[in-house]
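Here is the structure we will look at.
The values are calculated or read from the model by the stated rules, or taken from the named source; none is laboratory data. As the structure is a prediction and not an experimental result, all values here were calculated from the model. Here the Cβ positions follow ideal geometry from the backbone for every residue, glycine too, while neighbour counts run over all protein chains shown. Areas reflect the complete protein model, heavy atoms only, side chains present, ligands, DNA and RNA absent. Shrake-Rupley method; radii C 1.70, N 1.55, O 1.52, S 1.80 Å.
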Amino acid sequence: MSELSPKIFTSVINTYLPEPHASLLNGMLFGIPIGSTSPFYEKIKEVGLLHIVVLSGTNITIIGAVIGSLFSFLPKKLAVFLTICVIVSFVMFVGPQPPIIRAGVMGIIALLAVIWNRKALSLYSLVLAGLVTATTWPQWVTTISFQLSYAATLGIILFSSGSSSTNRSGIPRELKLTLAAQCFTFPIILFHFKE
């Protein structure tokens with residue numbers, strides 16, 4: 001019996017969705033790369049949305065929220081432990097990729113902080129995720145996906161202070177975080193893609 005892999009699900013998606021919809025969904029759900037020769041890849045790259053077709057913190061956040069809700073009837077420590085198990089299983093299922101490893105490590109640190117009744121420090125989690133990646137997979141540090149994921153997360157962390165929907169400048173929090181991620185990733189995109 002063959003082991004469970006994303007190929008089972010991507011083949012179903014490819015059967016029922018036309019291109020480029022199938023490639024977009026496969027990239028967003030499983031991190032399956034879009035062929036760099038396809039016109040769709042070039043269009044996504046031109047408008048600066050290549051990051052949406054890779055696995056990221058969004059996937060881990062959604063998984064954590066859904067699993068946390070499903071297990072909310074359990075004692076807190078058990079629910080957190082099960083959520084961590086699901087996150088680790090998801091990372092193993094899709095295969096280790098720089099953005100998902102970074103997001104997984106950060107998510108697990110945040111969940112462990114809940115167990116130990118400590119405030120999760122996002123910047124500390126990001127640095128720790130970077131150290132884990134650099135020591136375990138040093139070749140990843142030079143990849144574009146790791147650099148973009150790390151830079152975007154750093155921008156979001158540094159500009160996410162305050163929980164109100166708008167800050168003193170009157171800029172909605174969501175727009176502020178999006179702009180922060182764009183500002184921190186722009187130099188990397190310019191360096192690698194020259195556009």
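Within segment 60-109, the set of residues being among the polar types (S, T, N, Q) and either in contact with a His (Cβ under 9 Å, 6 or more places away or on another chain) or in a helix (DSSP H, G or I) (or both) comprises 61, 69, 83, 89.
So, residue 131, is that one out of contact with any His (no Cβ under 7 Å at 6 or more places or on another chain), open to solvent by 40 Å² or more (accessible area, probe 1.4 Å) and more than 20 Å from residue 177 (Cβ to Cβ) or not?
Yes, satisfied.
Of all residue pairs spaced 6 or more apart or on separate chains, those with beta-carbon atoms under 7 Å, a first member in segment 107-126 that is without any contact (Cβ under 8 Å) to a residue 12 or more places away in the chain and a second member that is open to solvent by less than 100 Å² (accessible area, probe 1.4 Å) and assigned to a helix (DSSP H, G or I) are 119/113; 120/109; 120/110; 120/113. Looking across segment 110-123 at every residue that is assigned to a helix (DSSP H, G or I) and over 30 Å from residue 143 (Cβ atoms), the one that is modelled with the lowest pLDDT is identified as 114. Somewhere in segment 164-174, is a residue of a type in the set (A, V, I, L, M, F, W, C), modelled with pLDDT of 85 or more and open to solvent by less than 80 Å² (accessible area, probe 1.4 Å)? No, every residue in segment 164-174 fails to be of a type in the set (A, V, I, L, M, F, W, C), modelled with pLDDT of 85 or more and open to solvent by less than 80 Å² (accessible area, probe 1.4 Å).
The condition (being farther than 19 Å from residue 151 by Cα and not basic (Lys, Arg)) is satisfied by just one residue among 108, 101, 60: 108.
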